[in-house]
1. What distance in nm separates the simple spin-label points at residue 3 and residue 92, each placed 7 Å from Cα in the Cβ direction?
2. Rank by packing, highest mean first: peptides 151-163, 41-53, with packing defined as the count of other Cβ atoms within 10 Å averaged across residues.
3. Hey, any idea what Rg/Rh is for segment 73-163, computing Rh the Kirkwood way over Cα pairs?
4. I'd like the projected area of segment 36-99, averaged over all directions, using the convex hull of its alpha carbons. Report it in nm² with one decimal.
5. Rounded to two decimals, what ratio of Rg to Rh does segment 17-68 give with C-alpha atoms and a Kirkwood Rh?
């Protein structure tokens with residue numbers, strides 16, 4: 001299991017296209033979310049989130065009236081004070097509030113620890129959205145994939161799930177193209193002097209290559 005944050009970031013960033021192809025593979029094979037959620041929940045038990053806290057640094061946390069009241073009660077102040085001092089309008093929905101987040105993370109983050117952990121909002125409680133039966137926006141494959149370079153739970157769960165489902169990374173498009181060029185050259189030698197058969201063979205090879213590209217998401 002990879003838990004070093006720098007390595008998770010390096011590998012997760014390098015595998016953006018691979019993870020996109022994997023999502024398409026899962027969709028084509030009609031895999032249900034439950035199997036991944038069970039696996040990810042097992043991984044979650046093996047990861048110390050207090051050694052990371054990337055979710056506290058990079059998540060936009062919406063808070064409703066009830067959650068603001070819970071935070072106020074936890075820190076011993078009024079809901080109005082919490083709203084004024086620790087939240088800002090949501091830029092996508094000005095009528096709503098989100099927790100203030102500086103360049104270093106959530107306003108309530110102290111080192112790698114949450115100062116309002118017992119009263120943290122639902123968005124924080126549900127992260128990384130892999131509980132069995134989760135059907136939230138954050139639990140969608142596209143949302144989870146965006147965290148592969150930041151969250152050790154998501155990165156390791158995705159890698160294990162690839163093995164579990166029998167998915168293996170494929171060579172980049174350039175390698176497929178080189179292979180196709182070699183095949184076409186050999187076809188040319190095999191059918192030298194027979195233009196009709198040569199044309200059909202090359203077209204067949206090209207069609208198979210294009211089909212492979214589409215299926216692999218390349």
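Here, each number is a calculation from the coordinates, and none is a lab measurement. If you're wondering where the values come from, they're calculated on a predicted model, not measured in any experiment. No Cβ is skipped: glycine too gets one built from the backbone with ideal geometry, and neighbour counts run over all protein chains shown.
1. With each label point 7 Å from Cα toward Cβ, the separation is 3.3 nm.
2. Ranked by mean Cβ neighbours within 10 Å, highest first: 151-163, 41-53.
3. 1.02
4. 6.2
5. Radius of gyration over Kirkwood radius for segment 17-68 works out to 1.11.
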